[in-house]
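Asker: Here it is: the structure, laid out below.
The values are calculated or read from the model by the stated rules, or taken from the named source; none is laboratory data. None of the values given here were measured: they were computed from a predicted structure. We place every Cβ from the backbone using ideal geometry, glycine too, and count neighbours over all the protein chains shown. Ligands, DNA and RNA are stripped out before the accessible areas are found, and what is left, the full protein with its side chains, is counted by its heavy atoms. Shrake-Rupley method; radii C 1.70, N 1.55, O 1.52, S 1.80 Å.
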Amino acid sequence: MSGEWQTLALGSLCMDPLNDIVDGPFGSSLKRSDYVTSGMPVLKIQNIKPFAIEEKRMDYVSPAKFQSLSRHGFVSGDILMTKLGDPLGVSAVVETPGEGLIVADLVRIRVQRIDTRFLCYQLNSPPVREFINSQQKGTTRPRITLSVVRELPIRVPRLHEQHRLVAILDEAFAEIAVAKDNAEEAL
């Protein structure tokens, strides 16, 4: 790569785009009756917030069910993105160790050729979110397709620049969180 930023399709940042960018299982592959009280976690739209995964109102499947649907699984370091609802494209990095499943309304993104946190910051940026929303289908339940996700235009600088920008953004967001906590305490 030259010193300039390149614009690349998200899929080109994966080793195998068809297997590294996948959505959850459809239809009868994962039914409500498959859920159990403990086991392998299943993440849904309400669990995905910008930059964070909330482990509230969790559902689980048995290890056997997880194995049968492992193509739709996630591990630490993957990015999960909403592909249904409003707003579209909300993304977070899986930071907890372990693995689990996603539902059909989510996309798992597993990249190798870009800093994962840098990509997550970019996926949650206004320009990328605007692009995602301009590509939506459906009027009552807005959604995007996997092909749109794989073709997302991503701006890519050199790796050292990605790390530098992530450090700056992490520090800024940490300072914002402290200021927010201080303001809440003052009230």
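Asker: Which residue pairs have Cβ atoms under 6 Å apart, sit 6 or more places apart or on different chains, and have a first residue in the stretch 45-57 that is in contact (Cβ under 8 Å) with a residue 60 or more places away in the chain and a second that is charged (D, E, K, R)?
Answerer: I45/D105
Asker: Scan the stretch 156-176 for residues that are aliphatic (A, V, I, L, M) and open to solvent by less than 50 Å² (accessible area, probe 1.4 Å) and report the count.
Answerer: So the answer is 4.
Asker: Same structure, new question: Which one of the conditions (1) more than 14 Å from the chain's Cα centre (by Cα); (2) open to solvent by 40 Å² or more (accessible area, probe 1.4 Å); (3) of a type outside the set (A, V, I, L, M, F, W, C) does P41 fail to meet, given that it meets all the rest?
Answerer: (2)
Asker: Quick check on E151: is it free of Cβ contacts under 8 Å to residues at least 40 places away in the same chain and open to solvent by 70 Å² or more (accessible area, probe 1.4 Å)?
Answerer: Criteria not met by E151.
Asker: Please count how many residues of the stretch 92-144 are without any contact (Cβ under 8 Å) to a residue 12 or more places away in the chain and either closer than 25 Å to D170 by Cα or open to solvent by 40 Å² or more (accessible area, probe 1.4 Å) (or both).
Answerer: Residues in the stretch 92-144 being without any contact (Cβ under 8 Å) to a residue 12 or more places away in the chain and either closer than 25 Å to D170 by Cα or open to solvent by 40 Å² or more (accessible area, probe 1.4 Å) (or both): 8 in total.
Asker: Can you go through R57, R158 and tell me which one is on the phi > 0 side of the Ramachandran plot and out of contact with any strand residue (DSSP E or B) (no Cβ under 7 Å at 6 or more places or on another chain)?
Answerer: Of R57, R158, the one residue that is on the phi > 0 side of the Ramachandran plot and out of contact with any strand residue (DSSP E or B) (no Cβ under 7 Å at 6 or more places or on another chain) is R57.
Asker: Would you pick out the residues in the stretch 58-91 that are open to solvent by less than 70 Å² (accessible area, probe 1.4 Å), within 18 Å of S29 (Cα to Cα) and free of Cβ contacts under 8 Å to residues at least 24 places away in the same chain?
Answerer: Result: S70, single match.
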